[in-house]
Amino acid sequence: MIKNLKEYKKKKKIFLDLNKHYYDLNRPVVDDASYDTLKKDLINFEENNKDIIGDNKVKNIVGYKPSDKFSKVKHDENMLSLDNAFSSEDISDFYKKLNNFLNLDLDTRIELLAEPKIDGISASLKYVNGKYTQGISRGDGNFGEEISENLATIKDIPKVLSNSFKGELIVRGEVYIAKSDFKNLSEKFANPRNAASGSLRQKDSKNTSKIPLKFFAYGTIFKNHDIVEKQSDFLKILKDFGFKINPLSKIINNEHELDLNYKNIETKRASLDYDIDGIVYKVNNFKLQQRLGNLTNSPRWAIAHKFSAEKGISKIKKIEIQVGRTGALTPVAKIDPVNIGGVLVSNATLHNEEEILRKDIRVNDTVIVQRAGDVIPQVVRIDLTKRPKTSKKFIFPQKCPCGFTTVKEFNETTKKYDAVRRCPDKGYECNLITKEKLKHYVSKDAMNIEGLGKKVIENFWNLNLLKLPQDIYKLDFNRISKLEGWGKLSADNLKKSIEKTKKINLDRFIFSLGIRHIGQENAKILARFFKSINNFKKLISRKDQIYTDLIQLDGIGDTQVKSLKNFFINKTNKKVFEQLISQLTILDHIFSKKGKFLNQTFMFTGGMSKMSRSEAKKIVENEGGKVLGSPSKKLNYLISGDSKPTIKKINQAKEIGVKVLNEKDWYRLIDF
């Protein structure tokens, strides 16, 4: 487990490097289980520390950006990754989320389709009137590499569909190499998956044709869901079209069937002629898949059930404290390097101070370290029989390395103090926090300044080239060109990269500020509300009415409003903000010009029988509307569900002339 923000950032950097080796260079430096373990650890830390991570998360990363060797093609619909499950509790949670979103009884079990998760390369194929016209790699999920000719060399991919099909059909599946075929290939590939990846990404398709690539088809996109009603029926159609589908695919009706199937396939795993690392469960009904929709990087209607974790025994050499962008102090165990499933592990996350106290983790302890689905391992338990007699309890530091006395904040909702200890710096006084804010500012989801990565930030900081975000736009490129490892060309490229990003959308700029509790989604809500940077900077005045209006927004609560107030109270924050907006061109938020609810606002109260509030909100936003959190004169419709609506809100809405619709009216409005 990741213990602190410093460790998280370090391991995230490792993860991004592994991603590059895995997806782009086809030269993995760790095995798949280790990669999965690291990713899981990072995501677990993100889930437990949402307030200090923002939305630039590992969970939102899909694949790797397309290679410059191939032309980039935008997917018809994003090619997402899958969320992972590692235990029966995770599976129960998946069912619970499905039922909550679809507003079903908690004991309802939706029919799922289970199929082995092939450890290969995802590809998307396009057919027009039954003829193969294009093949694309997953890439970063949004854009893929155009590798049509290479994919056309695979015998399992039909060039003409055996049954006539009119219109456009997208078929998605997995390219792989059989274990038996891999034995006869060159030793330059680490495993079958990387052999498949390397073969598909050769410039000359004649070279690809020499590799015995295979293909399992597994699905399609939303716009092709009108062909049949179920995922399982669609697979039968694909088989009729000439595709190969996995023979171990199975319909699942409940947890008991799921568990039996999981154990059965895990037992068969070693004897299969292809690598698998788990089982994928998909909601079998296409209409339910569409209702559930997708999150930022993964579908709500599917999950990957990974096979069991691998463990190793090691010894804690020391415990380091890392400080994150929002001041959170995270402990990380430095352990004697240990090989776990082919990966050399030297760090293990400890999450927070309470985790250390609960497990009584100490320096020199012999520990069981586990990797499961992500690269960052965690300490599972301690072998007390091997604890030295001179062992002493680990005393979590009460001060940040910068010198500030740390605090634990009181949570008004839970009426408890947070588990995370923090540096109280609210601006840029703590050097450790400041460096992390700079790294966040230049990151991909914020300003996206290429060439100004974490190592460069650290180096420029140490050389006093920059101390605050606005210093980026005053860098001495002549001096930079003379630094070791640089040169005039590198310095010029960095200068161009910075100039290129000086025109930025309002929501990305808000997110780049690194305001605590303001992630990407919150930043989008704020951008839609304020519309322009001139309106947003009114927050500096700290007028109560502005913050009162913010509370009405669905998705913005007391926590976010308090955080915005705290940010703009700080003099250094205001100085940084004002200097940045004077140096940048911040574009107004552009509203969608499509949808039946364009420029209309909605609010929901009470429960509905046929859908959850989350689904209703998704429908409004997809049709160009906005969802508010409380009645106001800006509200167009108040939707009152049949189950326990708030009478006070209904009366407030009626008093100010807002149209109140009941549940049936809502269904008629959306043609549901």
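The values are calculated or read from the model by the stated rules, or taken from the named source; none is laboratory data. Predicted model only: the values in this text are computed from it and were never measured. Please note: Cβ atoms are built from the backbone with ideal geometry, for glycine as well, and neighbour counts cover all protein chains shown. The accessibility values were calculated without ligands, DNA or RNA, using every heavy atom of the protein model including side chains. Shrake-Rupley method; radii C 1.70, N 1.55, O 1.52, S 1.80 Å.
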- line: The one condition K633 fails out of (1) closer than 21 Å to F529 by Cα; (2) within 32 Å of the chain's Cα centre (by Cα) is (2)
- prompt: Being hydroxyl-bearing (S, T, Y), surrounded by 15 or more Cβ atoms within 10 Å (Cβ to Cβ) and part of a loop (DSSP other than H, G, I, E, B), is that true of even one residue in segment 585-599?
  reply: no
statement: The residue from I472, I480, I395 that alone is in contact (Cβ under 8 Å) with a residue 24 or more places away in the chain and either open to solvent by 20 Å² or more (accessible area, probe 1.4 Å) or not aromatic (F, W, Y) (or both) is I472
- request: Select from segment 514-555 the residues that are among the β-branched types (V, I, T) and either on the phi > 0 side of the Ramachandran plot or open to solvent by 10 Å² or more (accessible area, probe 1.4 Å) (or both) and list them in ascending order.
  value: I525, I533, I540, I546, T548, I551
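Here's the yes/no breakdown for (1) touching a strand residue (DSSP E or B) at 6+ places or on another chain (Cβ under 8 Å); (2) open to solvent by 10 Å² or more (accessible area, probe 1.4 Å):
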{"position": "L112", "(1), (2)": "yes, no"}
{"position": "D119", "(1), (2)": "yes, yes"}
{"position": "A123", "(1), (2)": "yes, no"}
{"position": "G130", "(1), (2)": "yes, no"}
{"position": "G141", "(1), (2)": "no, no"}
{"position": "G144", "(1), (2)": "yes, no"}
{"position": "L151", "(1), (2)": "yes, no"}
{"position": "P158", "(1), (2)": "yes, yes"}
{"position": "I170", "(1), (2)": "yes, no"}
query: Within segment 369-381, can one find any residue that is of a type in the set (V, I, T), in a strand (DSSP E or B) and touching a helix residue (DSSP H, G or I) at 6+ places or on another chain (Cβ under 8 Å)?
result: yes
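Table: residues versus (1) at pLDDT below 95; (2) more than 13 Å from N573 (Cα to Cα).
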position	(1), (2)
D425	yes, no
K444	yes, yes
G451	yes, yes
L466	no, yes
- prompt: Would it be correct to say that K214 is touching a Leu at 6+ places or on another chain (Cβ under 7 Å) and in a strand (DSSP E or B)?
  reply: no
message: For segment 600-619, give me each residue that is assigned to a loop (DSSP other than H, G, I, E, B) and either closer than 19 Å to S532 by Cα or not small (G, A, S) (or both).
response: Q600, M608, K610, M611
- prompt: Of all residues in segment 616-628, which are in contact with a strand residue (DSSP E or B) (Cβ under 7 Å, 6 or more places away or on another chain), open to solvent by less than 30 Å² (accessible area, probe 1.4 Å) and in contact (Cβ under 8 Å) with a residue 24 or more places away in the chain?
  reply: A616, G625, V627, L628
- line: Checked segment 439-455 for anything part of a helix (DSSP H, G or I) and either over 15 Å from L468 (Cβ atoms) or of a type in the set (F, W, Y) (or both); matches are Y441, K454, K455
message: Can you pull out every residue in segment 629-659 that is open to solvent by 20 Å² or more (accessible area, probe 1.4 Å), closer than 17 Å to S614 by Cα, of a type outside the set (D, E, K, R) and without any contact (Cβ under 8 Å) to a residue 60 or more places away in the chain?
response: Y637, S643, P645
query: Looking at (1) touching a strand residue (DSSP E or B) at 6+ places or on another chain (Cβ under 9 Å); (2) assigned to a loop (DSSP other than H, G, I, E, B); (3) open to solvent by less than 30 Å² (accessible area, probe 1.4 Å), which is the one condition that is false for L465?
result: (1)
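Residue-by-condition table, conditions (1) out of contact with any Ser or Thr (no Cβ under 8 Å at 6 or more places or on another chain); (2) among the β-branched types (V, I, T):
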| position | (1), (2) |
| --- | --- |
| S232 | no, no |
| N264 | yes, no |
| S271 | yes, no |
| V280 | yes, yes |
| W301 | yes, no |
| A304 | yes, no |
| I321 | no, yes |
message: Taking the criterion of being crowded, with 20+ Cβ neighbours inside 10 Å, in contact (Cβ under 8 Å) with a residue 40 or more places away in the chain and not in a helix (DSSP H, G or I), would at least one residue in segment 660-672 satisfy it?
response: no
- request: Would you mind telling me which numbered condition in (1) open to solvent by 80 Å² or more (accessible area, probe 1.4 Å); (2) in contact with a helix residue (DSSP H, G or I) (Cβ under 9 Å, 6 or more places away or on another chain); (3) among the acidic types (D, E) D365 fails?
  value: (1)
Boolean, R613 is at pLDDT 90 or above, open to solvent by 40 Å² or more (accessible area, probe 1.4 Å) and of a type in the set (K, R): no
- request: State the number of residues belonging to segment 227-281 that are modelled with pLDDT of 95 or more, more than 22 Å from W301 (Cβ to Cβ) and either surrounded by 18 or more Cβ atoms within 10 Å (Cβ to Cβ) or touching a helix residue (DSSP H, G or I) at 6+ places or on another chain (Cβ under 9 Å) (or both).
  value: 1
message: Looking for something within 13 Å of G324 (Cβ to Cβ), in a loop (DSSP other than H, G, I, E, B) and under 27 Å from the mean Cα position of the chain (by Cα) - is there at least one such residue anywhere in segment 420-429?
response: yes
field: Subset of segment 85-138 (residues that are out of contact with any Ser or Thr (no Cβ under 9 Å at 6 or more places or on another chain), closer than 30 Å to R371 by Cβ and assigned to a strand (DSSP E or B))
entry: A85, L112, K117, I118
